[in-house]
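The block underneath contains the structure these notes are about, expressed in structure tokens.
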Amino acid sequence: QVHVVESGGGLVQAGGSLRLSCAASGSIFSINAMGWYRQAPGKQRELVAIISSGGLTNYADSAKGRFTISRDNGKNTVFLQMNSLKPEDTAVYYCKITIWGTHYWGQGTQVTVSS
């Protein structure tokens, strides 16, 4: 059993910053990819950023230059530093952990950016 819990969401003004955290616990031997996704009202869930076990990263175009994903393998934790936030970044942000091809999702954390 693997549990994934996000934290760090909230309300911020445009131009501000937030740091999201996601911790995985349970029967974990080795985590492969760790990623952040988001879903805005009425829209499909989309990839924001992903990081491999070796530290390789990939970002959505909307996140490039503003967001940074990082991970702490010793603590099974992934972070998303979000700077220069825009109202269009408003969404529920979800963390996904991949272990041996199986995906585990967190419950999500709300990020609201006011104009």
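Since every read-out is calculated from the coordinates, none of them should be taken as a lab result. Since the model is a prediction, treat every value here as computed from it, not as a measurement. Reconstructed Cβ throughout: ideal geometry from the backbone, glycine too, with neighbour counts over all protein chains shown.
Could you list which residues have their amide H under 5 Å from that of Arg71, counting only those 5 or more apart in sequence or on another chain, with H placed in the peptide plane?
Sorted by chain and number, the residues that satisfy this are Phe79.
Sum up the lysine pairs in region 1-103 that clear both bars: alpha-carbon distance under 20 Å and a spacing of 8 or more or different chains.
Counting lysine pairs in region 1-103 gives 5.
How big is the shadow of the Cα convex hull of region 65-115, averaged over all directions, in nm²?
Mean projected area for region 65-115: 4.5 nm², to one decimal.
With +1 assigned to the C-beta of every Lys and Arg and -1 to the C-beta of every Asp and Glu, and no other charges, what is the dipole magnitude of the chain about the Cα centre in debye, to the nearest 20?
40 debye
Dividing the Cα radius of gyration by the Kirkwood radius, what Rg/Rh value follows for region 17-107?
With Rh from the inverse mean 1/r over Cα pairs, Rg/Rh is 0.95.
Rg/Rh for region 9-61 to two decimals, with Rh computed the Kirkwood way over all alpha-carbon pairs.
Here Rg/Rh amounts to 1.02.
Using the alpha-carbon centroid of each, what span in Å lies between region 3-19 and region 63-115?
Here the two parts' Cα centres lie 9 Å apart.
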